[in-house]
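Q: Dropping a structure here in structure tokens format, bear with me for questions.
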Amino acid sequence: MNRPPDVRQHFEEYAEQEWDRFENRLTGRIEYAVHRNFLMKHVRLGDSVLDLGCGPGRYAIDMMQAGANVTLGDVSAVQLDIARQKIAEAVLDATAALELDIRDLSRFDEGEFDLVVCIGGALSYVHEDYATALREMARVVKPGGRLVVASMSLYGLLPVFAAGDKAGQLRTFDQHIDRRKLLDNPGYLITEPDSPVIYMPLFLCTNRYLRDFVESLGFRVVGSAAANPLTTDGQKLERISADPEAEATLIDLEVSLSERPELADSGEWVIVAAEKLGA
């Protein structure tokens, strides 16, 4: 089983930018606020947590500060090194930090964790192997335990093509996304492998598709959200960023509206939380 090398290479080269993007851009600060608000509703004191695609450890720190015991997993050794550093700076300890592929969690026993978390792009980066990855995540959750998982959004990604007024991307739209498949309303699709804009094939899905797939694995969905429901990456928000009150209002609106069913597919990310049956 081989992950395309550009995924690992991308995050090795991206390094601390993956930490900084949640601070340096307003859209990043919103993305973090929405994901964190949703995630922390499902973290309990003493939980054994597997944080997949953990990156530099920002959400792991939040979960540890809430009293969870977190095992880190990521495809990038560089990201894991940054996570260890950030966790140490926060005067916390991870249970372990492991270089791994989310499609193969065979090092873990069935039902080993109270909570498995996979937010960010990890599920989308395995493109057509998303089902294998989701089955592996489901396997290592305890009966009665929880899964919190995110995917890049099928419809929420589309505004990015208009953000920044990029006419060239729209002229070449079919080089990035198969328009016929999109209009057939498939619930999910894989972006085109040779897209000059989308730097690797990505799995994209709707809120309903992700919910249904997770439930098919023996879970009961207990919540879902969209991030960011009101803004998209690439928007120029300098005037809002320069006004603390305006920024705070926008972030509050994004968080408050993120779980509205009417906005389920409006964000760049769909997030689902589910409980494993059979406890």
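Q: What ³J(HN,Hα) values, in whole Hz, does the Karplus curve 6.51 cos²θ - 1.76 cosθ + 1.60 give for region 129-143 when θ = phi - 60°, with x put for Gly and Pro?
A: 8, 4, 5, 4, 5, 5, 5, 5, 4, 4, 4, 8, 8, 5, x
Q: Take the alpha carbon atoms of region 188-241, find their center, do the same for region 21-39, and report the distance between the two centers in whole angstrom.
A: Between the Cα centres of region 188-241 and region 21-39 lies a distance of 15 Å.
Q: Still on this structure: Once you list every other residue whose beta carbon is under 11 Å from the beta carbon of LYS142, what net charge do they have if Lys and Arg are +1 and Asp and Glu are -1?
A: Net charge around LYS142: -3.
Q: Pulled fully out, how much extra length does the chain show between LEU237 and ARG179, if you take 0.36 nm times their separation in residues and subtract their Cα-Cα distance?
A: That pair, LEU237 and ARG179, stretches by 17.9 nm at full extension.
Q: Return a single number: how many Lys pairs in the chain, at a sequence separation of 8 or more or on separate chains, have alpha-carbon atoms below 25 angstrom apart.
A: The number of close lysine pairs in the chain is 6.
Q: Testing the spin-label approximation: label points 7 Å from Cα along Cα→Cβ at ARG84 and SER106. State their distance in nm.
A: 2.6 nm
Q: Nearest 20 debye, what's the magnitude of the dipole of the chain about its Cα centre given +1 on Lys and Arg Cβ and -1 on Asp and Glu Cβ?
A: Working: 29 positive and 45 negative charges, 123 e Å.
That gives the chain a dipole magnitude of about 580 debye.
Q: Hey, another quick one. Would you mind counting up the charge near PRO56? Only other residues with Cβ under 12 Å from its Cβ, with Lys and Arg at +1 and Asp and Glu at -1.
A: Charge balance near PRO56 sits at -4.
Q: Neighbouring Cβ atoms within 10 Å as the yardstick, rank TRP19, TRP269 fewest first.
A: TRP19, TRP269
Q: What distance in nm separates the simple spin-label points at LEU45 and THR132, each placed 7 Å from Cα in the Cβ direction?
A: If labels sit at LEU45 and THR132, their model points lie 4.1 nm apart.
Q: While we're here: DSSP loop GluC sites (Glu not before Pro) in region 101-131 with at most 14 other Cβ atoms within 10 Å of their Cβ, which ones?
A: GLU110
Q: Excluding ARG208 itself, calculate the net charge of residues whose Cβ lies under 14 Å from the Cβ of ARG208, where each Lys or Arg counts +1 and each Asp or Glu counts -1.
A: -3
Q: Where does each of GLU262, GLU136 land when they are ranked from fewest to most other beta-carbon atoms within 10 angstrom?
A: Neighbour counts put them in this order, fewest first: GLU262, GLU136.
Q: Continuing with the same structure: How large is the convex hull of the C-alpha atoms of the chain per residue, in Å³? Display every interim value, and only then the final one.
A: Values: hull volume 35.3 nm³, N = 279.
It is 127 Å³ per residue.
Q: Turning to a different aspect of this structure: Mean projection of the alpha-carbon convex hull of region 160-217 over all orientations, in nm²?
A: 4.7 nm²
Q: Once you order the gyration tensor axes a ≥ b ≥ c over the Cα atoms, which shape class does region 60-123 get: rounded for a/c under 1.5, otherwise prolate or oblate by comparing a/b with b/c? Before the final figure, lay out the partial values.
A: Numbers: a/c = 1.82, a/b = 1.27, b/c = 1.43.
Here region 60-123 falls in the oblate category.
Q: Want the number for ALA96 to GLN65: 0.36 nm per residue separation, take away the alpha-carbon distance, what's left?
A: 9.6 nm
Q: Just the projected area, averaged over all directions, of the convex hull on the alpha carbon atoms of region 14-115: how many nm²?
A: Details: hull surface 25.7 nm².
Hull-based average projected area comes out at 6.4 nm².
Q: Next question. Could you give the alpha-carbon Rg of region 100-159 over 2.2 N^0.38 Å, rounded to two decimals?
A: Compactness ratio reported: 1.18.
Q: Hey, could you get me the Stokes-Einstein D for region 215-279, Kirkwood radius over alpha-carbon pairs, 10 °C and 1.306 mPa s, rounded to whole µm² s⁻¹?
A: So the translational diffusion coefficient is about 118 µm²/s.
Any read-out appearing in this document is the output of simple, stated calculations on the displayed coordinates, not a laboratory observation. Everything numeric here is computed off the predicted structure, so don't read it as measured data. Every residue, glycine as well, gets a Cβ built from its backbone with ideal geometry; the counts of neighbours run over all protein chains shown.
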